[in-house]
Each structure stands twice: as C-alpha cells, then as structure tokens.
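The values are calculated or read from the model by the stated rules, or taken from the named source; none is laboratory data. Model, not experiment: these values are computed from the prediction. Cβ placement follows ideal geometry from the backbone for every residue including glycine, while neighbour counts extend to all protein chains displayed.
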Amino acid sequence: MPAEGDIEVDRRLLQRSAEGDREAFLQFMDRHQAALFRFCRSLSDRVEDAEDALQETFLAAWRHADGFRGSGSARSWLFTSARRHVYRAVRRERPEALGDTSDLEQLGVEAGWGEEGRTLANIDLAEAFDRLSTVDQQVLVLRELEGFSNAEAAEILGVELAAIKSRLHRARLRLMAAVTRGTDIVR
C-alpha cells in the first residue's frame, strides 16, 4: 500500500502533467513503470502485448491526467487502466467471475499441508508461478508483489471484494501446490 506521502507526490505530478509539464509526467512514469509492467506481463502471454498495454496506459494517463480527481491512489488508477489496455491488446474478454469449484481441502493436500519435511529449498518459484492461470497470477501480483489492499485489487480487477479474498486464497494454495508438487495444477 502506498504511503500517504507517495499518494500526494503522485497527485502533484499528475496535476503538473495536466498543465503540460512533461518532466513531471516522466517522473510519474519512472515511479510506476516497473510495477505496471510486471502487472501487464502477468495478464498477457506475450511480452509484446504487455509492452503495448504499458505504452497505451501511459499515453492515456498523459492525455487524461486532468481527469484524475484524487479520490483513490494514482497507482490504482494506472493499474485499472492497464488491465483494460491489456485485455484490448490480447482481445480477451474480462476474466470470468470466480466460478471455481476446486475443493479447498484438495488444494490444501496438493499444497502439502499436513506433510512434514516440505521445504522451499531448491524450488523454482518463478517456474511454479508461470504454471498458474492468468487469474491467479493477477491477484498474486497485485497483492503480494505490488502491495495493493484487497479493496484496491478488487477495484483494479473489476470484481467484488469477496471475490478477491477467495481468489487470493485459492491462488496462494495453487502456487504452493505447484511449488510442492512441481507439477501443473488443476485450474
């Protein structure tokens, strides 16, 4: 979650950008580019699509900087925009609402709960992450890597708060199952 000072810095940078200050916008981009690209990459199978979405997101932010009202963080505003641009780039429909019927107890078993001696030593976490569905990757990137709150992640992904909580729990279990078992998991 961004600090209050970071939120104010972003607000001022966007305000200056709206007035035509390119340097302010470049500073704004520098602050968010790496995190935004990670998120775009988690939504798309192709690097090119993520790069296109990143570019379109920042172009839209430049064009509409005067439209940012500061009711939320500029960061969540950017991530929401990026999600829309990625979906347009890859011509996908929005992810389905959580209709996952995976049994939580079975996911727990696959994650290795209750087994002694399980460790993460010598496990390729990135490889396990890559095996997850896009929906699981999205929620993990937003919550675990980017530090968004559940409410912010729900807003960015356009789903209800309860759905984020459920998705996050299942995504964590699936990641653990992929790490522990080293095999593809049921999605």
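Considering only segment 30-48, I want to know if a residue exists there that is outside the structural domain of Val135 (by TED's automatic domain parsing), part of a loop (DSSP other than H, G, I, E, B) and modelled with pLDDT of 90 or more. Within segment 30-48 (the criterion being outside the structural domain of Val135 (by TED's automatic domain parsing), part of a loop (DSSP other than H, G, I, E, B) and modelled with pLDDT of 90 or more), the answer is no, since none of the residues qualifies. Of all residues in segment 137-169, those being over 11 Å from the mean Cα position of the chain (by Cα) and on the phi > 0 side of the Ramachandran plot number 1. Of the residues that sit in segment 37-59 and are touching a residue at least 40 places away in the same chain (Cβ under 8 Å) and buried (at least 19 other Cβ atoms within 10 Å of the Cβ), which one is nearest to Arg75 (Cα to Cα)? Restricting to residues being touching a residue at least 40 places away in the same chain (Cβ under 8 Å) and buried (at least 19 other Cβ atoms within 10 Å of the Cβ), the top hit is Phe39.
Residue-wise test of (1) touching a strand residue (DSSP E or B) at 6+ places or on another chain (Cβ under 6 Å); (2) in a loop (DSSP other than H, G, I, E, B); (3) of a type in the set (Ser, Thr, Tyr); (4) modelled with pLDDT of 90 or more.
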position: Thr80; (1), (2), (3), (4): no, no, yes, yes
position: Arg91; (1), (2), (3), (4): no, yes, no, no
position: Trp113; (1), (2), (3), (4): no, yes, no, no
position: Arg118; (1), (2), (3), (4): no, yes, no, no
position: Gln137; (1), (2), (3), (4): no, no, no, yes
position: Ala154; (1), (2), (3), (4): no, no, no, yes
